[in-house]
Each structure stands twice: as structure tokens, then as C-alpha cells.
Amino acid sequence: MLELTREYLDDLRLKIEEGRDVELAQTLGELHPKDVADIFDSIPGEESLYLYRLLDGETKSEVIAELEEDVREGLLSSLSTREIAEDVIEGLDSDDAADALADLPEAKVEEALRLVEDQETASEVMELLRHEEGTAGALMAVELIKVQEDWTVARAIREIRAQASDVENIYTIYVVDDQGRLNGRLSLKSLLLNASSARSLLRDLKDDDELVSIEVHESEEMVVKLMERYDLVALPVVDSEGILLGRITIDDAVDVIIEDAERDYQLASGISEDVEDKDSVWTLTRARLPWLLIGLGGGIGGAYVIGAFDIENNPELALFIPLIAAMGGNVGVQSSAIVVQGLASANVNMGNLTARLLKELSVGLVNGLICSAIIFLSSVLLGFGWTLSTTVSASLLCVIVFAALFGAFVPLMLDKRDIDPALATGPFITTANDIMGLIIYFSIGSLVANLM
């Protein structure tokens with residue numbers, strides 16, 4: 001693995017300035033395309049373009065596939081349409097080529113497609129570009145191995161050899177009928193060992209049990225769920241009539257998983273846009289400010305709650321405000337994180353809402369009783385008195401139970417309305433629980449004060 005130190009990058013820049021192209025080409029040629037892409041991600045665009053043109057044709061394509069999206073967009077915008085045609089459309093698998101072209105101006109893409117020598121490849125990429133972003137159609141590649149069920153073993157082997165030149169990894173051989181509808185799969189083991197002769201028909205060898213496929217309009221989240229549930233390394237994509245259109249491989253599914261995890265982590269951290277540390281100050285500010293304003297509003301609401309109660313006559317209640325607010329926020333985030341994780345893996349849904357809430361109620365009660373007992377004993381031993389100790393411990397029990405239920409309920413409601421439930425693990429839950437925790441705390445404090 002290449003370690004990108006400041007000294008290493010400075011040495012590359014020095015060689016660029018001095019025009020030592022032979023040394024640069026040799027250095028880059030010894031690296032894995034991913035390492036070259038990491039270099040491009042770490043240097044200015046003009047330097048990336050300079051180094052890019054020192055690479056050989058195949059490596060250029062592999063590096064483009066590994067680049068970060070914004071870096072790749074900047075590099076491709078600097079290339080000629082001829083270079084895009086050769087290095088992207090002809091050099092990459094159809095799905096990777098479509099991803100690379102998606103952010104370029106439509107006119108430039110159309111011109112590059114016209115320059116592609118193999119117009120069948122150009123048509124395949126153009127077709128992929130028509131699919132809506134975030135669907136199985138946009139994620140799939142059209143390169144695959146397929147055979148017809150009425151072919152003999154001898155013909156199938158000839159056709160597989162011809163098709164294999166366009167397929168990097170052969171995970172599955174798909175079997176279709178004469179209309180192109182997917183109706184089975186064929187393993188190399190069956191093809192080579194189970195056939196009685198070269199004239200055996202594939203319909204007698206194919207496996208059509210538990211064949212999992214996905215329709216082209218389904219979401220990429222559904223792709224990930226199916227591949228995870230059935231341990232698939234490749235998932236065939238079909239249209240509404242069952243005609244085989246392409247396949248999605250595990251590496252593409254992993255990319256979706258990583259992107260979703262990064263997006264959910266940012267949402268949980270109160271960042272509303274997909275940003276990186278190298279983005280501009282304005283972009284980073286715009287992504288962070290909305291949730292900071294929500295937190296600010298929550299602080300104002302908390303101040304109003306404190307002011308609404310007669311804290312002047314019970315000033316000792318102020319000592320435990322941070323404890324109540326912190327515990328409510330922490331419990332709510334824990335509870336919502338568990339539910340969000342369950343929603344992502346399809347283990348939690350609206351159908352088992354009651355069971356989920358009852359479970360969180362039970363967990364909240366157990367945790368609340370333990371924590372309230374500890375705070376009661378601690379506050380008594382520290383000399384805060386029976387009245388304040390009782391108020392704090394009872395309030396903490398109620399706050400923990402409420403936060404556990406609220407933290408489980410909110411992501412379920414967001415998911416029902418097709419809003420990313422990861423929002424529930426961020427500042428929204430924390431702020432809401434802070435305010436409700438204070439209301440519960442001061443309400444119980446007022447009640448205990450009136451009874452005493």
C-alpha cells in the first residue's frame with residue numbers, strides 16, 4: 001500500500017516542474033491503479049492531468065474507475081472527447097463508463113459516444129445513462145455470459161468463449177429462452193461434468209431453483225438487501241417482462257454500502273450534505289449550519305423551559321440539569337441507532353412496531369431503574385438531601401424510559417414517510433430529548449416540592 005507522505009508528493013511535483021517524464025512514467029507504472037488514483041485525489045487538477053497523460057491506455061481507464069467522483073469529474077472535463085471515447089467508453093465496463101459520464105455535459109457525452117468505434121458498446125452505455133440514478137438499472141453492467149436453453153453443450157461452450165472476452169469475472173452463466181427471458185442459471189460444473197454428451201441440451205442441465213433477480217426500476221438499496229440476504233456475488237437485472245438486461249456484481253454493491261454508510265454517518269453527525277474536508281468553506285458551512293440552527297433552537301427551548309418553572313425557590317434543581325439532558329440524549333441516540341440498524345438490514349418494520357416499542361420500554365425500564373438507583377444513592381451520600389435525591393432519581397427513570405421509546409419511534413415514522421431514518425440518530429433526537437427531559441425533570445421537581 002502506497003503511503004502518500006508530503007515528501008513523496010513534493011518529489012512528484014519537483015519531477016513535474018523539471019519535466020522528468022520518463023522517471024514519472026516509470027514511477028506510476030510500478031503502482032497499482034488505486035494508488036495512482038489516490039495520488040490524483042491529493043494533488044491539483046492540472047498536475048493530475050499532466051500525470052494522467054503519462055499513463056498507458058489500460059492504466060488510464062483503471063485509474064479513472066478508482067478516482068473520487070469530484071476529482072474524476074474535473075479530470076474528464078479537461079479531456080478531449082476522443083480521449084473520453086477511448087479511455088472511458090471503450091476502456092471501462094459499461095456500468096463504470098456510465099458512472100463516469102453521468103456528471104459531464106450532455107453535448108460532450110454525445111460527441112464522445114459518436115467517436116466510439118464499436119457502436120454496440122456506445123449504445124449499451126447510452127442505454128445505461130437513461131436509467132434513473134439510484135436504481136438497479138443505473139448500477140448494472142450489461143457485460144455477462146448468457147446462453148439459450150435450447151442450445152447444445154457444444155454450442156454453449158463456443159458462445160461462452162466468444163462472450164468471455166468482454167467479461168472480466170464470470171460469476172454465473174445465465175440461461176434465457178428464445179425471447180431473452182431469464183429462466184435459469186448454469187454452473188460450469190454442470191456444463192462440464194453433468195452433460196452426457198456434447199449434444200445435450202442446456203434446458204436439461206440448468207438450475208432454475210431459487211433464482212433471485214431484480215427488476216431494473218428497483219432501488220439500489222433493494223439490490224444490497226437481496227445480495228446480502230441470499231449471499232450473492234452477482235445479481236441479474238430484468239425488465240418487467242423478465243427479459244435479462246444485465247447484472248450487478250458484488251463490488252458495485254459494496255460501493256453502495258460504503259456510500260450509504262458515509263451518508264448515514266454524516267446525517268447522524270448533523271451534516272445535511274455529502275461533503276469532504278477538501279470542500280470549500282461555504283460548502284462545509286451550508287452542510288453543517290441547518291442542524292446547528294436546530295440545536296440552537298433546542299437550546300432556546302430548553303432555556304424557556306427552565307425559565308417557565310419556579311427555579312428561584314428551588315435553585316438546587318439546576319445542579320442536575322446537565323445530567324438529565326445528557327442521559328436523555330444518550331439513551332435516545334442508542335435506541336434510535338438500534339432501530340436504524342434494524343431498518344437497514346430489514347429486521348425492523350412497521351409490522352412489528354408494537355413489539356419493538358415494548359422491547360425498548362423494557363430496556364428503558366431496566367436501565368432507568370439501575371441508573372436512578374445509582375444517582376439516588378450517590379446524591380444522598382454527597383449530602384444533597386432526600387427531597388432532591390428523590391426528585392432526580394424519579395426524573396431520571398422517567399427521562400430514560402421516554403427517551404428509549406421516543407428514540408425507537410421516530411426512525412420508524414421517518415422510514416414510513418420515506419425519509420432517511422438516519423436523521424433520527426443525530427441532533428434531532430438529542431435536541432428533542434433535551435427539551436422533554438427538562439420538562440419531565442421540572443414537572444416532577446414541582447410536584448415533589450408541592451408535596452413536601
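Quickly run through region 207-234 and pick out the residues that are without any contact (Cβ under 8 Å) to a residue 24 or more places away in the chain, surrounded by 15 or more Cβ atoms within 10 Å (Cβ to Cβ) and not in a loop (DSSP other than H, G, I, E, B).
Residue satisfying the conditions is LEU226 alone.
Only residues that are part of a loop (DSSP other than H, G, I, E, B) and under 32 Å from the mean Cα position of the chain (by Cα): list them for region 178-206, please.
Selection gives SER187 alone.
Among GLU149, GLU159, GLU143, which is the only one that is under 21 Å from GLU241 (Cβ atoms), surrounded by 15 or more Cβ atoms within 10 Å (Cβ to Cβ) and charged (D, E, K, R)?
Criteria check complete, one pass: GLU149.
If you check GLU132 against the conditions, is it touching a residue at least 60 places away in the same chain (Cβ under 8 Å) and among the acidic types (Asp, Glu)?
Answer is yes for this residue.
Inside region 26-38, can you point out the residues that are of a type in the set (Gly, Ala, Ser) and either in contact with a His (Cβ under 8 Å, 6 or more places away or on another chain) or over 13 Å from SER48 (Cα atoms) (or both)?
GLY29
Hey, does region 145-161 have a residue that's within 32 Å of the chain's Cα centre (by Cα), over 15 Å from ASP239 (Cβ atoms), among the hydrophobic types (A, V, I, L, M, F, W, C) and at pLDDT 90 or above?
Yes, some residue in region 145-161 is within 32 Å of the chain's Cα centre (by Cα), over 15 Å from ASP239 (Cβ atoms), among the hydrophobic types (A, V, I, L, M, F, W, C) and at pLDDT 90 or above.
Sort out which residues of region 79-96 are at pLDDT 90 or above and assigned to a helix (DSSP H, G or I), and write them in order of number.
Those that are at pLDDT 90 or above and assigned to a helix (DSSP H, G or I): THR81, ARG82, GLU83, ILE84, ALA85, GLU86, ASP87, VAL88, ILE89.
Are any residues in region 121-140 in a helix (DSSP H, G or I), touching an Asp or Glu at 6+ places or on another chain (Cβ under 7 Å) and either of a type in the set (Val, Ile, Thr) or surrounded by fewer than 16 Cβ atoms within 10 Å (Cβ to Cβ) (or both), and if so, which ones?
THR121
Would you be able to say whether some residue in region 425-442 is modelled with pLDDT under 90 and more than 20 Å from GLY297 (Cβ to Cβ)?
no
Please state which one of ASP103, ASP95 is among the charged types (D, E, K, R), in contact with a strand residue (DSSP E or B) (Cβ under 6 Å, 6 or more places away or on another chain), in the same structural domain as GLU47 (by TED's automatic domain parsing) and in contact (Cβ under 8 Å) with a residue 24 or more places away in the chain.
Of ASP103, ASP95, the one residue that is among the charged types (D, E, K, R), in contact with a strand residue (DSSP E or B) (Cβ under 6 Å, 6 or more places away or on another chain), in the same structural domain as GLU47 (by TED's automatic domain parsing) and in contact (Cβ under 8 Å) with a residue 24 or more places away in the chain is ASP95.
Could you please find all residues in region 236-249 being without any contact (Cβ under 8 Å) to a residue 40 or more places away in the chain and of a type outside the set (D, E, K, R)?
Once the filter is applied, which keeps residues that are without any contact (Cβ under 8 Å) to a residue 40 or more places away in the chain and of a type outside the set (D, E, K, R), region 236-249 yields only SER240.
For (1) more than 30 Å from the chain's Cα centre (by Cα); (2) under 30 Å from SER48 (Cβ atoms), each residue gets a yes or a no:
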| position | (1), (2) |
| --- | --- |
| GLU86 | yes, yes |
| ASP95 | no, yes |
| GLU106 | no, yes |
| GLU111 | yes, yes |
| GLN119 | yes, no |
| VAL125 | no, yes |
| GLU132 | no, no |
| MET140 | no, yes |
| VAL176 | yes, no |
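(1) assigned to a helix (DSSP H, G or I); (2) modelled with pLDDT under 90; (3) among the aromatic types (Phe, Trp, Tyr); (4) over 17 Å from ILE429 (Cα atoms): which one isn't true of PHE376, the others all being true?
Single failed check for PHE376: (2).
Test LEU343 against the criterion of being modelled with pLDDT of 70 or more, closer than 15 Å to ALA432 by Cα, among the aliphatic types (A, V, I, L, M) and under 24 Å from the mean Cα position of the chain (by Cα), and give yes or no.
So LEU343 does not fit the description; no.
If a residue must be surrounded by 13 or more Cβ atoms within 10 Å (Cβ to Cβ) and part of a helix (DSSP H, G or I), how many such residues does region 300-327 contain?
The total comes to 13.
The values are calculated or read from the model by the stated rules, or taken from the named source; none is laboratory data. All values derive from a computational prediction rather than experimental measurement. Every residue, glycine as well, gets a Cβ built from its backbone with ideal geometry; the counts of neighbours run over all protein chains shown.
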